[in-house]
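*Asks:* Below you'll find the structure I mean.
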Amino acid sequence: MTSSSILSRRQALALGLAGAAVLGGGSAQAAQTPSLAKLAKAKGVQFGSAVGAGPTGSLTGSFEDARYRQVLINECGVLVPENELKWYVLRPDAETFAFERADRIAAFAQQNDIALRGHTLLWHHPQWFPAWLKAHDFGKGPAAAANAEAMLVDHITKVVAHYPQIRSWDVVNETVDPKDGSVRHTVFSDAMGQAQTLDVAFHAARAAAPKTQLVYNDYMGWEAGNEAHRAGVLKLLEGFRKRGAPVDALGVQSHLGTEDPAAPGSLGRPQEKAWRAFIDEVTGMGYDLLITEFDVNDHDLPPGVAARDASEAAVAKGYLDLMLDYRQTKAVLAWGMVDKYSWLQTFTPRKDGLAKRATLYDDAYRPKPLRQAVAAAFRAAPERT
Ligand code: XIL
């Protein structure tokens with residue numbers, strides 16, 4: 001790269017990143033240097049992404065795409081199976097463990113010297129339980145509680161033991177109902193009680209992997225509309241501390257722009273002050289932080305690509321600067337690295353039918369302004385150990 005193009009890139013970054021895509025285009029496979037993993041590592045932060053094992057399931061074919069794999073190899077220090085460790089993939093029935101799909105991702109990570117992160121041992125949300133589990137009969141009275149506990153502990157013990165290389169696990173995912181901050185009900189909590197179910201999960205994970213970071217992961221966001229969700233998560237985290245449940249960190253999913261789709265033509269209305277107060281309380285209780293599922297949902301932005309990309313980059317930079325300012329933030333994981341493979345294409349399609357631009361790379365595997373915003377945030381971040 002010539003010095004004049006470095007200057008231009010710097011200028012583009014200074015100008016809110018709008019020009020970075022044009023400058024940063026390059027050939028499809030040209031690796032960006034330094035990589036995001038390297039930029040993050042220089043500040044004591046891990047960078048990586050989710051990836052699906054393919055070829056079945058919505059959009060999870062990404063793993064079979066050699067060019068996609070190259071982006072992951074170039075940029076990532078850690079990989080997270082997108083769906084492959086969830087009950088609905090791992091557990092076709094009450095007896096079977098189907099590790100094959102997650103094993104393929106684990107092997108790819110190992111071959112390329114990339115770490116592996118675990119997501120998730122208990123997505124405590126009935127919508128995401130496999131049908132057989134939703135209908136499972138644990139019996140009545142104290143026997144029901146014992147049976148439910150036995151199944152949950154068995155699952156966690158076996159899955160954690162199968163992947164001893166995993167140093168950070170999302171143990172419980174999304175159990176707070178954003179409507180009123182209450183804890184969701186499932187067949188497990190119906191049998192054992194809600195606090196007991198969640199505590200059992202964390203204790204089982206700790207017993208199976210004493211040195212592994214154990215995370216509560218959720219999507220409470222900084223946008224207006226998340227007030228009850230944030231309050232519910234704080235209450236949950238306080239409860240863990242009071243009862244001595246072994247929880248080390250809060251996973252902040254960071255699907256930016258998703259929680260206030262009613263905000264006209266925008267990426268939501270960030271409540272920066274309330275958000276800082278929330279993060280202050282979380283860190284005040286001694287929890288570490290991870291950004292676990294970063295993407296930017298351009299659902300309500302006008303169709304023009306350059307303006308969309310620039311808005312996303314600007315919002316992301318502001319958010320990441322704020323989060324990385326907390327020395328407790330030790331990891332940033334993108335929820336996919338190439339737009340066409342983003343779960344948001346099908347989960348919340350745009351009303352105008354255009355493809356979303358929610359991730360760091362476009363469909364020709366070129367880095368977007370969002371990628372450069374993440375790089376700029378790492379460069380600006382304070383060091384941590
Ligand atoms: C999503 C996957 O990306 C989709 O492929 C799947 O159909 C549904 O789950 N919060 C989480 C992730 O914790 O597990 C979700 O992943 C996205 C929202």
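*Asks:* State yes or no: is Ala358 in a helix (DSSP H, G or I), touching a helix residue (DSSP H, G or I) at 6+ places or on another chain (Cβ under 6 Å) and under 18 Å from Phe47 (Cα atoms)?
*Replies:* Working: in a helix (DSSP H, G or I): no; touching a helix residue (DSSP H, G or I) at 6+ places or on another chain (Cβ under 6 Å): yes; under 18 Å from Phe47 (Cα atoms): yes.
Taking the combined requirement at face value, the residue does not satisfy it.
*Asks:* Could you list, in sequence order, the residues of the stretch 62-93 that are within 11 Å of the ligand (Cβ to nearest atom) and at pLDDT below 90?
*Replies:* Selection gives Ser62 alone.
*Asks:* Among the residues of the stretch 20-61 satisfying the criterion of being small (Gly, Ala, Ser) and at pLDDT 95 or above, which is farthest from Asp325 (Cα to Cα)? Explain how you work it out, then say what you get.
*Replies:* Here is the first cut: in the stretch 20-61, the residues small (Gly, Ala, Ser) are 20-21, 24-28, 30-31, 35, 37, 40, 42, 44, 48-50, 52-54, 57-58, 61.
This time we only want the ones that are at pLDDT 95 or above, so: 35, 37, 40, 42, 44, 48-50.
Numbers: Ser35: 21, Ala37: 18, Ala40: 13, Ala42: 15, Gly44: 12, Gly48: 19, Ser49: 21, Ala50: 24 Å.
Among those residues, the one meeting the criterion is Ala50.
*Asks:* Still on this structure: Here is a list of conditions, (1) β-branched (Val, Ile, Thr); (2) buried (at least 16 other Cβ atoms within 10 Å of the Cβ); (3) not in a helix (DSSP H, G or I), and Thr96 meets all of them except one; can you say which number that is?
*Replies:* Tallying (1) β-branched (Val, Ile, Thr); (2) buried (at least 16 other Cβ atoms within 10 Å of the Cβ); (3) not in a helix (DSSP H, G or I), Thr96 fails exactly one: (2).
*Asks:* Next up: Would you check which residues across the stretch 309-359 are farther than 18 Å from Asp218 by Cα and among the polar types (S, T, N, Q) and list them?
*Replies:* Matches in the stretch 309-359: Ser311, Ser342, Gln345, Thr346, Thr348, Thr359.
*Asks:* Mind checking which residues of the stretch 153-202 are surrounded by 23 or more Cβ atoms within 10 Å (Cβ to Cβ), away from the ligand (no atom under 16 Å from the Cβ) and in contact (Cβ under 8 Å) with a residue 60 or more places away in the chain?
*Replies:* Within the stretch 153-202, Phe188, Thr197 meet the criteria.
*Asks:* Cβ-Cβ under 6 Å, sequence separation 6+ or interchain: first residue in the stretch 114-138 and closer than 14 Å to His155 by Cβ, partner among the aliphatic types (A, V, I, L, M) and within 12 Å of the ligand (Cβ to nearest atom). Which pairs?
*Replies:* Pairs found: Gly118/Leu85; Leu122/Val172; His124/Val172.
*Asks:* Residue under question is Val233, and the condition is that it be crowded, with 22+ Cβ neighbours inside 10 Å and either touching a Lys or Arg at 6+ places or on another chain (Cβ under 9 Å) or under 23 Å from Ala331 (Cα atoms) (or both); does it hold? Spell out how you get there, then give the answer.
*Replies:* Numbers: crowded, with 22+ Cβ neighbours inside 10 Å: yes; either touching a Lys or Arg at 6+ places or on another chain (Cβ under 9 Å) or under 23 Å from Ala331 (Cα atoms) (or both): yes.
Yes: the conditions hold for Val233.
*Asks:* Can you name the residue in the stretch 298-345 that is out of contact with any Ser or Thr (no Cβ under 7 Å at 6 or more places or on another chain) and of a type in the set (Asp, Glu) and is also nearest to Gly52 (Cα to Cα) among such residues?
*Replies:* The residue in question is Asp298.
*Asks:* Continuing with the same structure: Filter the stretch 147-167 down to residues that are charged (D, E, K, R) and not in a loop (DSSP other than H, G, I, E, B) and give me whichever is nearest to Phe99 (Cα to Cα). Can you show your working first?
*Replies:* Keep residues of the stretch 147-167 that are charged (D, E, K, R), which gives 149, 154, 158, 167.
From the residues that got through so far, the ones that are not in a loop (DSSP other than H, G, I, E, B) too are 149, 154, 158.
Numbers: Glu149: 22, Asp154: 15, Lys158: 11 Å.
Looking at the filtered set, the residue picked out is Lys158.
*Asks:* Can you pull out every residue in the stretch 121-146 that is part of a loop (DSSP other than H, G, I, E, B), surrounded by 15 or more Cβ atoms within 10 Å (Cβ to Cβ) and under 31 Å from the mean Cα position of the chain (by Cα)?
*Replies:* At the first step, the residues of the stretch 121-146 found to be part of a loop (DSSP other than H, G, I, E, B) are 124-125, 129-130, 135-140.
With surrounded by 15 or more Cβ atoms within 10 Å (Cβ to Cβ) added as a condition, the list becomes 124-125, 129-130, 136, 138.
Result: His124, His125, Phe129, Pro130, His136.
*Asks:* Looking at Thr359 and the list (1) surrounded by fewer than 22 Cβ atoms within 10 Å (Cβ to Cβ); (2) within 16 Å of the ligand (Cβ to nearest atom); (3) not hydrophobic (A, V, I, L, M, F, W, C), which single condition is not satisfied?
*Replies:* Answer for Thr359: the failing condition is (1).
*Asks:* With the condition being closer than 17 Å to Leu344 by Cα and at pLDDT 95 or above, I'd like the strands (runs of 3 or more DSSP E) fully within the stretch 201-317 carrying at least 2 qualifying residues.
*Replies:* On the way: elements: 213-218, 249-252, 288-296.
So the answer is 288-296.
*Asks:* Moving to a separate point now. Condition test on Lys351, is it within 16 Å of the ligand (Cβ to nearest atom) and either surrounded by fewer than 22 Cβ atoms within 10 Å (Cβ to Cβ) or of a type in the set (Phe, Trp, Tyr) (or both)? I'd like the intermediate steps shown before the answer.
*Replies:* Numbers: within 16 Å of the ligand (Cβ to nearest atom): no; either surrounded by fewer than 22 Cβ atoms within 10 Å (Cβ to Cβ) or of a type in the set (Phe, Trp, Tyr) (or both): yes.
Considered against the rule, which asks whether it is within 16 Å of the ligand (Cβ to nearest atom) and either surrounded by fewer than 22 Cβ atoms within 10 Å (Cβ to Cβ) or of a type in the set (Phe, Trp, Tyr) (or both), Lys351 comes out as no.
*Asks:* Looking for whichever is surrounded by 15 or more Cβ atoms within 10 Å (Cβ to Cβ), of a type in the set (Asp, Glu) and either under 22 Å from Val374 (Cβ atoms) or free of Cβ contacts under 8 Å to residues at least 60 places away in the same chain (or both) here; the options are Glu293, Glu238. Which one fits?
*Replies:* Numbers: Glu238 fails: surrounded by 15 or more Cβ atoms within 10 Å (Cβ to Cβ).
Matching residue, one of Glu293, Glu238: Glu293.
The values are calculated or read from the model by the stated rules, or taken from the named source; none is laboratory data. As the structure is a computational prediction, the values presented were derived from the model and not from experiment. Counting neighbours? That spans all protein chains shown, and the Cβs are built from the backbone with ideal geometry, glycine included.
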